[in-house]
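What follows is one structure encoded as structure tokens, with my remarks underneath.
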Amino acid sequence: MKNLLLIDDDKELVSLLAEFLSLENFNIDTAPDGESGLQKALATEYDLILLDVMMPRMNGFEMLKLLRQKSDTPVLILTAKGDEIDKVLGLEMGADDYLAKPFSERELLARIRAILRRTQYKNSDTPSKITHLDIELFPTQHQAICQDFTIELTGTELLLLEKFLAHPGELFSKAELSEEVLGKKLQPFDRSIDMHLSNIRRKLPTRADGQTRVKNFRGRGYMWLEGDLNLSAAS
């Protein structure tokens, strides 16, 4: 059974979700605010944290910022309906995905299972090491090394980087990446892939030759660069 931590100050919602997820064979722990939630998150090993944004005694963003300094536990941010700023900010700070309130129980369950699959599941075909230029990626160990620096990545960032490094020079559309990496169909105005990729770019040091590592081909998708490429068609 997977262990989930639900952090939300809405007592009625917490009670309903805890009962529903327990019936789906999850072990559920809860916290009513960011401060107590952070204490639990750092003291216990959870498979996933469900984190509300608006809470007393430390909001979700403050808690996520402190959590990411010490833990890469997957986080699903629960945002207000249509609040794009909260979604973008949550992803920038290291959340694995977001879900806007109100949501259905089945939608929540699907999103939880998708995150757990991409952050924990590795099959026999998963390589123990992927090397491309100055990056060494160890998928089964959830670790990346670049220019002798250990790069801290969330599970989602690691899976996205694994996808690119295994296929350098190949162009992937955002729709492909959303379905294959995030486990969900790309929705209009969904910036999840953009934000996860932005986080990876920010964490990796600059290439020794000064070239960018990944290019956005406007309207077509993203490509991880092999080396000296003709980038005239790229944005």
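The values are calculated or read from the model by the stated rules, or taken from the named source; none is laboratory data. Fair warning: this is a prediction, and the values are worked out from it, not measured in the lab. Methodologically, a virtual Cβ is constructed for each residue, glycine included, from the backbone with ideal geometry; neighbour enumeration extends over all protein chains shown. Side chains included, ligands, DNA and RNA excluded: accessible areas come from the protein's heavy atoms. Shrake-Rupley method; radii C 1.70, N 1.55, O 1.52, S 1.80 Å.
Table for the structure above
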item	result
Filter result (touching a helix residue (DSSP H, G or I) at 6+ places or on another chain (Cβ under 9 Å), in a loop (DSSP other than H, G, I, E, B) and not polar (S, T, N, Q)) within the range 184-198	Lys184, Lys185, Leu186, Phe189, Asp190, Arg191
Test: Lys2 is at pLDDT below 95 and surrounded by 15 or more Cβ atoms within 10 Å (Cβ to Cβ)	yes
Within the range 86-151, strands (runs of 3 or more DSSP E) holding 1 or more residues that are aromatic (Phe, Trp, Tyr) and in contact (Cβ under 8 Å) with a residue 60 or more places away in the chain	97-101
Residue list for the range 18-61, filter: open to solvent by 30 Å² or more (accessible area, probe 1.4 Å) and either among the aromatic types (Phe, Trp, Tyr) or on the phi > 0 side of the Ramachandran plot (or both)	Asn25, Arg57, Met58
Subset of the range 70-85 (residues that are modelled with pLDDT of 85 or more, open to solvent by 10 Å² or more (accessible area, probe 1.4 Å) and either in a helix (DSSP H, G or I) or over 20 Å from Arg201 (Cβ atoms) (or both))	Lys70, Ser71, Thr73, Pro74
Test: residue in the range 221-231 that is modelled with pLDDT of 90 or more, assigned to a helix (DSSP H, G or I), surrounded by 14 or more Cβ atoms within 10 Å (Cβ to Cβ) and not aromatic (Phe, Trp, Tyr)	no
Single unsatisfied condition, His142 versus (1) touching a Gly at 6+ places or on another chain (Cβ under 8 Å); (2) within 18 Å of Ala114 (Cα to Cα); (3) modelled with pLDDT of 90 or more; (4) open to solvent by 20 Å² or more (accessible area, probe 1.4 Å)	(3)
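Every residue, every condition in (1) touching a residue at least 60 places away in the same chain (Cβ under 8 Å); (2) assigned to a loop (DSSP other than H, G, I, E, B); (3) in contact with a helix residue (DSSP H, G or I) (Cβ under 9 Å, 6 or more places away or on another chain), yes or no:
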{"residue": "Leu6", "(1), (2), (3)": "no, no, yes"}
{"residue": "Leu17", "(1), (2), (3)": "yes, no, yes"}
{"residue": "Ile28", "(1), (2), (3)": "no, no, yes"}
{"residue": "Leu38", "(1), (2), (3)": "no, no, yes"}
{"residue": "Glu45", "(1), (2), (3)": "no, yes, no"}
{"residue": "Met55", "(1), (2), (3)": "no, yes, yes"}
{"residue": "Met58", "(1), (2), (3)": "no, yes, yes"}
{"residue": "Lys65", "(1), (2), (3)": "no, no, no"}
